[in-house]
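Notes to accompany the following structure.
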Amino acid sequence: MKLFSNLHNLWMRKPTFVNIDVTYSCPLNCITCTRGGNITYENELTLEEYVKIFRALRDWNVHEAAFVGGEPFIKKEIFSILKSSLDHGIHPKPVSNGFLINKNTIAELRQIGVKSITLSLNSLNPSIHDLTRGRSGSYQKIMDSLPLLLKNGIEVIIMTVLLKQNIKTIPELIEWAKKRGVQIQFQIFVSPEFMFYAYSNESAFNQGNMDFDKDWLMKSPYWIQNIKDFQRVMDTIIFLKETKKYPINNPIKQLQYFKIYYQTPNKILNFKCKVGNNNLSIDPYGNVRLCFAMPPVGNVRKTDLHDIWTSTEAEITRRNIAKCTLNCKLMQCNY
Ligand SMILES: C[S@@+](CC[C@H](N)C(=O)[O-])C[C@H]1O[C@@H](n2cnc3c(N)ncnc32)[C@H](O)[C@@H]1O
Ligand code: SF4
Ligand code: SF4
């Protein structure tokens, strides 16, 4: 009976959401990320290869995909890729630092029919934002592009990583977002050595990195040390969402877990990670991952995406995911 139900689950399971990292290049240099620094990479997937991926996603009835990176708008063919995604019925949802967005890019997005975009904004204080994003002028670029995006009917979602440097400025950011009719979602700070390992060690593209320094975060100068201040801000966020119905995208339960995470980042939380059940991630070289930290389960350059999804490697990885006790399961993309 158990075997039957496992087979049934496997047969029924298909992705509903896909994360596509189109490049690991990026013009910024965020203190939390190792993908910055304007480096150019070769051998990234081509438009033709994306078209093949989109066909496979259409067969599964996938309706939306995040286009991330690195910075998606640094990629030359990004607009053709977004258009092709939409032509296959998949709504593209770019996640961007806003640095390369301007009047012309917005006109292209509008013409293609992109309906929403996530902009990473860490603070309304320009020096805090620019410090955390590693490049001066990055705050101003967001402030210039955001009203233009809204004016062109493109929905904006603000994404903010909670750090020591920005935590006190969060209530002001929420009020600002509400006034402008934009949603906001908060992301926990995860060790970049862990999260961006595949990039930081090029030879590791085909490996995972579950073996990282678990105390790195608490030693980091960006980790929130004053837990009382943090708890106060979290209570404000929860109050604004629950009672005042502010457009804060994180579920209340997730925000409550954030309070535990920042107090004890390695504490084992008693719920399971769900990645790989109905989502997958494709890196710029075609590697397909169910969990960003575990080895790829296949590569679209060699194997059909549908076969990768139902492969033995994918099933073994799902079993490892179910046993995983790490807390990046609290991240917005996984939650
Ligand atoms: C890796 S970036 C890629 C897209 C784009 N370059 C951007 O910054 O929006 C995606 C999101 O990850 C966030 N991020 C960066 N470093 C992080 C970290 N160490 N922990 C959690 N989120 C992080 C960024 O702020 C951004 O919102
Ligand atoms: S978080 Fe985004 S903007 Fe910052 S360095 Fe990483 S990829 Fe670039
Ligand atoms: S919690 Fe989930 S996303 Fe994080 S490492 Fe474990 S399986 Fe991967």
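Descriptive notes on the structure:
- Gain on full stretching of the segment that runs from Gln140 to Glu48 - 0.36 nm per residue minus C-alpha separation: 29.6 nm
- Extension gain from Met331 to His91, taking 0.36 nm per residue of separation minus the Cα-Cα distance: 84.2 nm
- Estimated FRET transfer efficiency when R0 is 25 angstrom, pair Arg110-Arg58 (beta carbons, to 0.05): 0.60
- FRET efficiency for Lys244 and Thr303, using Cβ-Cβ distance with R0 set to 51 Å, rounded to 0.05: 0.55
- Sorting 68-78, 40-50 by average packing, meaning the other beta carbons within 10 Å per residue, from highest down gives 68-78, 40-50.
- Checking the cross-link pairs Lys241/Lys272; Lys241/Lys267; Lys52/Lys214; Lys179/Lys272 against a 30 Å limit on the alpha carbon distance flags Lys52/Lys214; Lys179/Lys272 as lying beyond it.
- Reachable aspartates and glutamates from Lys259, criterion Cα separation under 14 angstrom, eight or more residues apart if same chain: Asp229, Asp235
- Length-normalised contact order of the chain in % [C-alpha pairs under 8 Å, at least 6 apart]: 18
- Modelled FRET efficiency - R0 45 Å, Thr40 with Lys323, Cβ distances, 0.05 increments: 0.70
- GNM top mover of Thr105, Thr243, Thr118 - the chain, alpha-carbon springs below 10 Å: Thr243
- Antiparallel %, DSSP beta bridges [both residues in the chain], to 5: 15
- The local environment of Cys291, defined by Cβ-Cβ distances under 11 Å, has a net charge of +4 under the rule Lys, Arg +1 and Asp, Glu -1.
- Maximal additional length on extending the Lys272-Met12 stretch stands at 91.6 nm, based on 0.36 nm per residue less the C-alpha distance.
- Mean-position separation - Cα centroids, segment 295-314 and segment 37-68, in angstrom: 15
- Taking a ≥ b ≥ c as the square roots of the eigenvalues of the Cα gyration tensor, an a/c ratio of 1.5 or more together with a/b no larger than b/c marks segment 221-270 as oblate.
None of the figures in this text is laboratory data; all of them are computed from the coordinates on show. Everything numeric in this text was worked out from a predicted model, so none of it was measured. Positions of Cβ are backbone-derived with ideal geometry, glycine not excepted, and every protein chain shown enters the neighbour counts.
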